[in-house]
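Asker: The structure that follows is given in the form of structure tokens.
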Amino acid sequence: MKRSHVLITVLAALFAFVAVSAGSVMAKGVDKGATVTVLDGKAFKATKKKGPWTEVKKLDQLSDQHYLKTGDNSRVELAFTDGSKLRVDQNSMVKMKSLMVGSGGNRQFNVHLQTGKVWATVKKALNGEEGFKVTTENAVAGVRGTIFRVDHNAEQPTVVRVYSGAVAVRNIPVYADPKEVGQPGASANRREVAGPKQITRKQWEELIAKDMQMIQVAADGASLTPPEDFMAESEASDAWVAWNKKLDQAAEH
């Protein structure tokens, strides 16, 4: 009995150590980067927003905190280690805020769209967690497995269109704490703002857009429109949509 008790105690301690170690690895994560798999025209990368900028070539790697921008008539596809794809339209800029993968393959991918358009084809996470976000200065789009696009212009509403799956869209009021953006449970966080006003759950909303639905986030991040349907026919002449659908179809074969 004593030997069994000792063995159980040792095993319990060992499992606890492994669990803590795994949690530590997940917390730190490993920068897996993203690979340039398609390049039409010219694109550039930098480690700082103001440069210096280096021209991107096919199969180049982008790491955590890298910036990527495209020129006129230029588009880029990035492939992530989990099989997800992110495509960047012409005259757009994105920042790789996080390309981390922890133990067990748990991903922490966060791409910040500074301006322009992106299209994401996201693989479903094995653990069922979200793990893939596209953020702008006024919105957060978090997904599991889906196809969606985000159009962002600082002076106009951010538009999230979902082609397949579901996307949770949160607004970011202009007075929100930047440290809370994209963080788990951010909708429950509050901080004092000018005067007696505070951020409330109602002011920081989350809505779900599903197949062929769109949500618009006000330019100041103060509100979202309810999900509304959009028709594929309305985008028939959109070269950006046609380019993405062609690549998505090719990837299925």
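Yes/no per residue for (1) at pLDDT 95 or above; (2) assigned to a strand (DSSP E or B); (3) over 14 Å from the mean Cα position of the chain (by Cα); (4) not basic (Lys, Arg):
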residue: Thr37; (1), (2), (3), (4): yes, yes, yes, yes
residue: Lys57; (1), (2), (3), (4): yes, no, yes, no
residue: Asn73; (1), (2), (3), (4): yes, no, yes, yes
residue: Leu78; (1), (2), (3), (4): yes, yes, no, yes
residue: Arg87; (1), (2), (3), (4): yes, yes, no, no
residue: Val94; (1), (2), (3), (4): yes, yes, no, yes
residue: Met100; (1), (2), (3), (4): no, yes, no, yes
residue: Leu126; (1), (2), (3), (4): no, no, yes, yes
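Asker: Taking the range 141-159, which residues are of a type in the set (A, V, I, L, M) and crowded, with 23+ Cβ neighbours inside 10 Å? First the steps, then the outcome.
Answerer: To start, the set of residues in the range 141-159 that are of a type in the set (A, V, I, L, M) comprises 141, 143, 147, 150, 154, 159.
Within the range 141-159, Ala141, Val143, Val150 meet the criteria.
Asker: Looking only at the range 190-211, how many residues end up being in a loop (DSSP other than H, G, I, E, B), surrounded by 14 or more Cβ atoms within 10 Å (Cβ to Cβ) and at pLDDT 90 or above? Before you say what the answer is, go through the steps one by one.
Answerer: Just the residues of the range 190-211 that are in a loop (DSSP other than H, G, I, E, B), to begin with: 190-191, 193-197, 199-205, 210-211.
Applying the additional criterion that residues be surrounded by 14 or more Cβ atoms within 10 Å (Cβ to Cβ) yields 190, 193, 199, 203-205.
When the remaining residues are screened for being at pLDDT 90 or above, the result is none.
So the count comes out to 0.
Residue-by-condition table, conditions (1) assigned to a strand (DSSP E or B); (2) modelled with pLDDT of 95 or more; (3) not small (Gly, Ala, Ser):
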residue	(1), (2), (3)
Gln90	no, yes, yes
Gly104	no, no, no
Ala120	yes, yes, no
Gly142	yes, no, no
Glu155	no, no, yes
Tyr175	no, no, yes
Lys179	no, no, yes
Gly182	no, no, no
Ser187	no, no, no
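The values are calculated or read from the model by the stated rules, or taken from the named source; none is laboratory data. Model, not experiment: these values are computed from the prediction. Methodologically, a virtual Cβ is constructed for each residue, glycine included, from the backbone with ideal geometry; neighbour enumeration extends over all protein chains shown.
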